[in-house]
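The values are calculated or read from the model by the stated rules, or taken from the named source; none is laboratory data. All values derive from a computational prediction rather than experimental measurement. Don't worry about glycine lacking a Cβ; one is built from the backbone with ideal geometry, like all the others, and counts go over all protein chains shown. Surface areas here come from the heavy atoms of the whole protein model, side chains and all, with no ligands, DNA or RNA. Shrake-Rupley method; radii C 1.70, N 1.55, O 1.52, S 1.80 Å.
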Amino acid sequence: WGNAQQGTGFPRKFSHGSTLFEETANDPRAGQGGTPQVLISSETAHYRSTGVSTGETVFQSIANSVPDLPGTWIALESTANGKQGVYFKTYQKAVTLEQWMNGIRGNGYIKCFAAWFENPGYDDTRRITPRDAAELMQSITEREMKLIQLYGPEKITPGRLAWRRRKLAEPNFSGDEDKFDQEYPHSMESA
């Protein structure tokens, strides 16, 4: 908002008096001694779930330091990681924006979900030829057909399916479509 950053690294200070801190959920003392106005928790679903100081207890400690006042907020963003942990538990009790606008508050969090195919970077249209696209559409798998039926051919395009197939072939998935659906979900339920 036009306030100059003063210096580099963390903590990062700004000309209007704000300070930006970077913490890790692996630090049991993360967030202590402060009263943050904004908390952004990244990859929350992947916080450590075992040990003396789990990511969940660290998150709860930091979240409790954010005052419940106008102008303060907490955002949790993450790729999915199954039905476990603070991210899953928080998301389950959160409400949609429509519910929030109708006065339903849930646990105070608003759900925001984006399917993998909504990301413009997850599209290999520029990497495949029209012939490749035609061949791909002739070799549609059952799961790919279900995606097309659920979301339509305008969203599940040959370029997006080519991207999906390329990702599935990489060593981190080795063809495991269930793992792909967990890391790149097409719906809240698949996440």
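Taking every alpha-carbon pair in segment 86-136 and binning the separations at 10 Å intervals from zero gives 22, 27, 20, 16, 15, 0 percent. For GluC sites (Glu not before Pro), the sites in segment 139-191 that DSSP calls loop and that have at most 11 other Cβ atoms within 10 Å are Glu154, Glu189.
For the chain, lysine pairs separated by 8 or more sequence positions, or belonging to different chains, with Cα-Cα distances below 29 Å total 24.
Rounded to the nearest whole Å², what accessible area per residue is found for segment 27-163 with the 1.4 Å probe? Don't skip to the answer; put the middle values down first.
On the way: 8840 Å² over 137 residues.
Normalised by residue count, the accessible surface of segment 27-163 is 65 Å².
Along its first, second and third principal axes, ordered by size, segment 1-154 spans 60, 39, 37 Å in Cα coordinates. Quick one: among Thr129, Thr44, Thr54, which has the greatest mean-square fluctuation in a GNM of the chain with alpha-carbon springs under 10 angstrom? Residue with maximal mean-square fluctuation among Thr129, Thr44, Thr54: Thr129. What the Cβ-Cβ distance of Ala169 and Cys112 gives, at R0 = 35 Å and to the nearest 0.05, is a FRET efficiency of 0.70. Taking the accessible area of segment 132-191, probe 1.4 Å, and keeping the other protein chains in place, the carbon and sulfur fraction comes to 51%. Across Arg165, Arg126, Arg105, mean-square fluctuation computed from a Gaussian network of the chain (C-alpha pairs under 10 Å connected) peaks at Arg126. Annotation note: GluC sites (Glu not before Pro) in segment 1-91 located in DSSP loop regions with a Cβ neighbour count of at most 14 within 10 Å are Glu22, Glu43.
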